[in-house]
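Visitor: Take this structure, written in structure tokens, and hold onto it; I'll ask about it next.
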Amino acid sequence: MSAFDRLERFAASRAAVALMGAWAMAEAIVLPVVPDVGLCLLVLAAPWTAPRLFAAVVAGGLVGTTLLAAISGAAPDATRAMLLALPGIHPATLADVGATLTRDGIAGFGQLGPGAPLKVYTDAWVNLDGGLFGLFAGTILNRLTRIGPTLLVAAALGWPFAQWIRRHERLTILVYAGFWLAVYVLYLG
């Protein structure tokens, strides 16, 4: 059984749903690695699992956002210190997101491609007293606009190239890992 056959079997399991939900929850609070890294690999191997796995990512993001909002509301200075200790988050990141949400409201959560993590939006929204409904709506918008396009690309490649991917799985995994390494080098650099 090939690596992608095992990934396909895993992607269809409840364990994959739990993993993606937990990953998204952790990323919404403190984890610096976006759930797209695991999500898109699973969807590349099993494109039909995309809706279910994406739903787990959105749900996990909502749970993590809710927890971080509670923490931020109770200890705003400690939350900011934690965020600033994470790679890729700088005082300017916090200020830019705060300004965007002040100007655009919930629509400010929308973003395409790399940018400020969801946890920064959560903290900024709490500091603006934006309310729980707005936080939930913004989180869903963020996940749709930030993760949705990448997920669609993975699914679009997974359907027609399934056999090619399995015949060239080492190359596929190498290119996939190289892509994410480049994204993080550019983002953190």
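The values are calculated or read from the model by the stated rules, or taken from the named source; none is laboratory data. What you are looking at is a predicted structure, and each value in this text was computed from that prediction instead of being measured. A quick note on method: Cβ atoms are made from the backbone with ideal geometry, for glycine too, and the neighbour counts reach across all protein chains shown. Areas reflect the complete protein model, heavy atoms only, side chains present, ligands, DNA and RNA absent. Shrake-Rupley method; radii C 1.70, N 1.55, O 1.52, S 1.80 Å.
Visitor: Can you tell me the 0 to 90 degree angle between the C-alpha axis of helix 132-146 and the longest principal axis of the chain, rounded to 10?
Guide: Roughly 40 degrees, rounded to the nearest 10.
Visitor: How high is the relative contact order of the chain, given as a whole-number percent (alpha carbon pairs under 8 Å, six or more residues apart)?
Guide: RCO, the chain: 28 percent.
Visitor: If you don't mind, there's one more thing I want to ask. Using helices alone, what [θ] at 222 nm do you get for the chain, with -39,500 (n - 2.57) per DSSP H run of 4 or more residues, divided over all residues and rounded to the nearest 500? Please report the intermediate quantities before stating the final value.
Guide: Working: 11 runs with 146 residues, N = 189.
For the chain, the value works out to -24500 deg cm²/dmol.
Visitor: If I compute solvent accessible area with a 1.4 Å probe over the protein chains, what percent of it on the chain is carbon and sulfur? Please report the intermediate quantities before stating the final value.
Guide: On the way: 6790 of 9260 Å².
Heavy-atom surface of the chain belonging to carbon and sulfur, 1.4 Å probe: 73 percent.
Visitor: Would you mind telling me which residue in LEU53, LEU174, LEU112 has the biggest mean-square fluctuation in a Gaussian network model of the chain, where springs connect alpha carbons within a distance under 10 angstrom?
Guide: Judging by the Gaussian network model, the answer is LEU174.
Visitor: Would you kindly calculate the mean projected area, averaged across all directions, of the convex hull enclosing the Cα atoms of region 11-135, in square nanometres?
Guide: Working: hull surface 29.8 nm².
About 7.5 nm², averaged over all directions.
Visitor: Okay, moving on. Any idea how far apart ARG6 and GLN111 come out in nm if each label point goes 7 Å out from Cα toward Cβ?
Guide: Each label point is offset 7 Å from its Cα along the Cβ direction, giving 3.4 nm.
Visitor: With angles folded into 0 to 90 degrees, how steeply does helix 14-29 sit against the dominant principal axis of the chain? Use alpha carbons for both and round to 10.
Guide: Orientation of helix 14-29: about 30 degrees from the principal axis.
Visitor: Using a Gaussian network model on the chain with a 10 Å cutoff between Cα atoms, which of TRP159, TRP125, TRP23 fluctuates the most?
Guide: TRP159
Visitor: OK, next. Springs between alpha-carbon pairs under 10 angstrom, Gaussian network model over the chain: which of PHE109, PHE136, PHE161 fluctuates most?
Guide: Highest fluctuation of the listed residues: PHE161.
Visitor: How much accessible area per residue does region 47-189 have, counting only protein heavy atoms and a probe of 1.4 Å, in square angstrom? Mind dumping the intermediate values first?
Guide: Working: 7400 Å² over 143 residues.
On a per-residue basis, region 47-189 sits at 52 Å².
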